[in-house]
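> Quick one: structure below, then a few questions.
The values are calculated or read from the model by the stated rules, or taken from the named source; none is laboratory data. Worth saying up front: this structure is predicted, and the values here are computed from it rather than measured. Cβ placement follows ideal geometry from the backbone for every residue including glycine, while neighbour counts extend to all protein chains displayed. Ligands, DNA and RNA are excluded from the accessible area calculation, which covers all protein heavy atoms including side chains. Shrake-Rupley method; radii C 1.70, N 1.55, O 1.52, S 1.80 Å.
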Amino acid sequence: MTVEQEKTRASLAREGIAAADIWTIMDHEAEADVRWQEGRVAALVYLAGDDVAEVAKNAYLRGFSGNGLAPTAFPSLKRYESEVVDMTAGLLHAPAGLGNITSGGTESILLAVKIARDRARVRQPEITAPEIVLPETAHPGFDKAAHYFGLKTIRTPVGPDWRVDIDAYRAAITGNTVLLVGSAPNYVYTMIDPIPELSEFARERDICFHVDACVGGFFLPFVEKLGHEIIPFDFRNPGVTTISADLHKFGYTAKGASTLICRDEDIYQYQGYYFDNWPGGTYRTPTLTGTRPGGAIAAAWAVMNYLGEDGYLRLTRKTMTFMRWLRDEIEAMPDFYVVGEPDMSLIAYASDTVDMVAVGDGMAARGWRVYLERVPPSIHLMLSPGHEPFLSGYLNDLREVTELVKSGEILRKTEELKYGQ
Ligand SMILES: Cc1ncc(COP(=O)(O)O)c(C=O)c1O
């Protein structure tokens, strides 16, 4: 820690602060946060309407003191979790309701990798250096998992259409491969990977295949029900062994909630952890964490029940309608093209004529949170239903900023804006 940092280091006050003063401080601090209520960030916060947020908050408070670590002490949470898993498994055409609520997409991915590693240890004990094959567009959570659990990731390229190059993917599969990965959709180019083909690769070798539907798991099933043609991405593909689907994204529930769903007991048996050599008793957890927040579990159950299929269909229809409009508007601007063929409400747009980093800087100066992608340099948006009223303002700014970049009045300030910052 530098001297400068030392000066601002907080220490516990001798006397507590009155709650009213704490609220004042917190409201003041929140003023510097991105204005998500005004649609200024197209990621991180998923807007489904004030009514849905109220249900999530109220349910969160009801579950607030509960701990998902102890289902016998909190049978309410046990019921909520098991019903959320059943409902999610139903949406994803899973043969059984096997799986759990986790803290988020990354934890679901970590568990999927652990399952594949532990299953291979039993079924292919000759493998000493297990590998994961995944498209280069897959989420970094897989590399994190590989790092934690002692596996290696082999990332394979996309082709000119920004879709994974199937031949390169197949060629990367070796005798050391224990897990294949596909996304529905991937964050980067916003498309569903060719899950049916990848599923066959996994089936031929009897290895695990995880579909990362963290983004699409609670959206794509409704896109399909609305009659849009999409690549079938779920357990209808016989090689799929696990799917992650995030409740706290397009499930519209409180943060701290995703699901990992397993095809059958053969897969699910490798998910949990059990330790029986502790004076404190036995320790058994289905996920990576110990204590699990009752609020997040309760909120997930409440929002799913509040919305029901009709609610999710309504929100999905609305989003798909404005996405079509947005895409047409962007493509009508002579300087931009949409990268790939977006399957849902994620979209990346790029340019051959203007510097996208300068455009990003111009948009950021007007209060929009910008996420730039590297290849091709593009601006990425991840939109939820509540973004609709803000899109015209966004496009107006985009048109003006683009002209200012072209006339040299806005110059590139930033080298690169990184994901997650
Ligand atoms: C495709 C995909 N998978 C996984 C994740 C990780 O989710 P989380 O941030 O909840 O851990 C994300 C996050 O945006 C994602 O886009």
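> Quick one: GLY386 ticks every box in (1) at pLDDT below 95; (2) of a type outside the set (A, V, I, L, M); (3) within 21 Å of the chain's Cα centre (by Cα) bar one, so which box is it?
(1)
> If you don't mind, there's one more thing I want to ask. Show me the helices (runs of 4 or more DSSP H) entirely contained within the stretch 156-232 in which 2 or more residues are in contact with a helix residue (DSSP H, G or I) (Cβ under 9 Å, 6 or more places away or on another chain) and more than 24 Å from ASP143 (Cβ to Cβ).
Answer list for the stretch 156-232: 220-225.
> Does the stretch 110-137 hold any residues that are within 20 Å of the chain's Cα centre (by Cα) and farther than 19 Å from ALA172 by Cβ, and which are they?
Scanning the stretch 110-137 gives LEU110, LEU111, LYS114, ILE115.
> So, in the stretch 1-44, of the ones that are basic (Lys, Arg) and at pLDDT 95 or above, which residue ends up surrounded by the fewest Cβ atoms within 10 Å (Cβ to Cβ)?
Going through the qualifying residues, I end up with ARG35.
> For the stretch 148-169, does any single residue satisfy the condition of being within 16 Å of the ligand (Cβ to nearest atom), of a type outside the set (A, V, I, L, M, F, W, C) and over 26 Å from TYR337 (Cβ atoms)?
Within the stretch 148-169 (the criterion being within 16 Å of the ligand (Cβ to nearest atom), of a type outside the set (A, V, I, L, M, F, W, C) and over 26 Å from TYR337 (Cβ atoms)), the answer is yes, since at least one residue qualifies.
> In this structure, is VAL211 touching a Ser or Thr at 6+ places or on another chain (Cβ under 8 Å), open to solvent by less than 50 Å² (accessible area, probe 1.4 Å) and among the aliphatic types (A, V, I, L, M)?
Against the criterion (touching a Ser or Thr at 6+ places or on another chain (Cβ under 8 Å), open to solvent by less than 50 Å² (accessible area, probe 1.4 Å) and among the aliphatic types (A, V, I, L, M)), VAL211 qualifies.
> Here's something else I'd like to know. Given the criterion open to solvent by less than 60 Å² (accessible area, probe 1.4 Å) and within 30 Å of ASP264 (Cα to Cα), identify the matching residue among LEU91, LEU47, LEU69.
The match here is LEU91.
> For the structure I just gave you, tell me whether ALA146 is open to solvent by less than 50 Å² (accessible area, probe 1.4 Å), part of a helix (DSSP H, G or I), free of Cβ contacts under 8 Å to residues at least 40 places away in the same chain and more than 17 Å from THR242 (Cβ to Cβ).
No.
> Another one. When you check LYS57 against the structure, is it open to solvent by 20 Å² or more (accessible area, probe 1.4 Å), of a type outside the set (Val, Ile, Thr), touching a Pro at 6+ places or on another chain (Cβ under 6 Å) and in a helix (DSSP H, G or I), yes or no?
no
> Considering each residue of the stretch 44-55, count those that are within 16 Å of the ligand (Cβ to nearest atom) and on the phi < 0 side of the Ramachandran plot, and give that number.
3
> Of the residues in the stretch 127-142, how many are more than 13 Å from the ligand (Cβ to nearest atom) and not in a loop (DSSP other than H, G, I, E, B)?
Looking only at that region, the number is 3.
> When the stretch 6-44 is examined, which residues are found to be among the polar types (S, T, N, Q) and in a loop (DSSP other than H, G, I, E, B)?
Matches in the stretch 6-44: THR8, SER11.
> What do you reckon, is LEU47 part of a loop (DSSP other than H, G, I, E, B), in contact (Cβ under 8 Å) with a residue 60 or more places away in the chain, under 18 Å from THR259 (Cβ atoms) and not polar (S, T, N, Q)?
No: the conditions fail for LEU47.
> Right, another one. Are any residues in the stretch 211-260 in contact with a strand residue (DSSP E or B) (Cβ under 7 Å, 6 or more places away or on another chain), charged (D, E, K, R) and near the ligand (Cβ under 10 Å from one of its atoms), and if so, which ones?
Answer for the stretch 211-260, where residues must be in contact with a strand residue (DSSP E or B) (Cβ under 7 Å, 6 or more places away or on another chain), charged (D, E, K, R) and near the ligand (Cβ under 10 Å from one of its atoms): ASP212, ASP246.
> Which one of VAL113, VAL41 is in contact (Cβ under 8 Å) with a residue 12 or more places away in the chain, within 16 Å of the ligand (Cβ to nearest atom) and in contact with a Lys or Arg (Cβ under 7 Å, 6 or more places away or on another chain)?
VAL41 is the lone residue from the list that is in contact (Cβ under 8 Å) with a residue 12 or more places away in the chain, within 16 Å of the ligand (Cβ to nearest atom) and in contact with a Lys or Arg (Cβ under 7 Å, 6 or more places away or on another chain).
> For the stretch 350-388, what are the residues that are open to solvent by less than 50 Å² (accessible area, probe 1.4 Å), away from the ligand (no atom under 16 Å from the Cβ) and of a type in the set (Asp, Glu)?
Across the stretch 350-388, the qualifying residue is only ASP361.
> Right, something else. In the stretch 272-288, what count of residues is obtained for those that are assigned to a loop (DSSP other than H, G, I, E, B), over 16 Å from ARG119 (Cα atoms) and without any contact (Cβ under 8 Å) to a residue 60 or more places away in the chain?
7
> For the stretch 237-284, which residues satisfy the criterion of being open to solvent by 10 Å² or more (accessible area, probe 1.4 Å) and of a type in the set (Asp, Glu)?
ASP264, GLU265, ASP266, ASP276
> Residues of the stretch 170-194 being more than 25 Å from ALA43 (Cα to Cα), within 16 Å of the ligand (Cβ to nearest atom) and touching a Phe, Trp or Tyr at 6+ places or on another chain (Cβ under 7 Å), which ones?
Selection gives LEU180 alone.
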